[in-house]
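One structure is given here, and the rest of the page talks about it.
The values are calculated or read from the model by the stated rules, or taken from the named source; none is laboratory data. Computed from a predicted model, the values in this text were never measured in an experiment. All Cβ positions, glycine included, derive from the backbone under ideal geometry; neighbour counts span all protein chains shown. Ligands, DNA and RNA are excluded from the accessible area calculation, which covers all protein heavy atoms including side chains. Shrake-Rupley method; radii C 1.70, N 1.55, O 1.52, S 1.80 Å.
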Amino acid sequence: MPDESPSISDVLSLHPVIASIKDDDGLRAVLTAPCPVVFVLFGSVMTIHKIVATLKNAGKTVFVDVDLLDGFSSKPIAVDFLKAHTDVDGVLSSKSIMVRAAKAAGLMAVHRLFLVDSFSYNNVSKQVKISEPDAIMILPGCMPRVISWVRADTDLPLIAGGLVCDKADVMAALAAGAGAIASSNRDVWLM
């Protein structure tokens, strides 16, 4: 039987803006937002099942940032727990080991890369080689020049996130080569 799971490119092509949610208020707001993909940046071992179920019931594709979940360790068993106890579609992480664990579990995997200086930028290819993600997310996402550099270095789908505040930021990131924008700003969700 062929694999019917969507690819990360399919998921990211649904809408150029990904809603990032950081609390229950964001969860309630995203249920009616036009963004079909949601990045969950909060929760705990006790609440993540309900958060994911709520989003899936609203027809959303759900990625969980495993690094930000309370009560979990930074070990692959956390990814295995998400796979076994939720209907999550994918995982976000800044840790290569967690990205690899997500892929091994059959989940889509996004490697979050914080680019704060030339050292971190020059480390991108090494991190991507180790993690083998489905996509990478560059933070902060309001740096079109850096987005264009990373775009030139990789063919992986590229998401810009963090400090994307308005339409100008969204348009600049997309023009620089980002395939999608992740933002917790609700005004950006409605673009």
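Restricting attention to the range 16-31, the residues being in a loop (DSSP other than H, G, I, E, B) and free of Cβ contacts under 8 Å to residues at least 40 places away in the same chain number 2. For residue 158, the conditions (1) free of Cβ contacts under 8 Å to residues at least 40 places away in the same chain; (2) open to solvent by 10 Å² or more (accessible area, probe 1.4 Å) all hold with the exception of (2).
Only one entry in 50, 60, 22, 56 is modelled with pLDDT of 95 or more, over 17 Å from the mean Cα position of the chain (by Cα) and either closer than 17 Å to residue 84 by Cα or surrounded by fewer than 23 Cβ atoms within 10 Å (Cβ to Cβ) (or both), namely 50.
The condition (being modelled with pLDDT of 95 or more and more than 21 Å from residue 178 (Cα to Cα)) is satisfied by just one residue among 109, 29: 29. Could you look through the range 161-189, keep only residues that are of a type in the set (A, V, I, L, M, F, W, C), more than 16 Å from residue 113 (Cα to Cα) and within 18 Å of the chain's Cα centre (by Cα), and pick out the one that is most open to solvent (accessible area, probe 1.4 Å)? In this case the residue turns out to be 165. Scanning the range 32-44 for residues that are surrounded by 14 or more Cβ atoms within 10 Å (Cβ to Cβ), free of Cβ contacts under 8 Å to residues at least 40 places away in the same chain and either of a type in the set (D, E, K, R) or not in a strand (DSSP E or B) (or both) gives 36, 42, 43.
Checked against (1) assigned to a helix (DSSP H, G or I); (2) touching a Cys at 6+ places or on another chain (Cβ under 7 Å), residue 79 meets all criteria but (2). Checked against (1) at pLDDT below 95; (2) open to solvent by 70 Å² or more (accessible area, probe 1.4 Å), residue 142 passes all but condition (2). Residue count for the range 63-89, restricted to those that are crowded, with 21+ Cβ neighbours inside 10 Å and not hydrophobic (A, V, I, L, M, F, W, C): 2. As for the range 133-149, it holds at least one residue that is under 20 Å from residue 14 (Cβ atoms) and without any contact (Cβ under 8 Å) to a residue 40 or more places away in the chain.
Among the residues of the range 144-191, those identified as under 23 Å from residue 131 (Cα atoms), of a type outside the set (Gly, Ala, Ser) and in a helix (DSSP H, G or I) are 146, 147, 149, 150, 151, 153.
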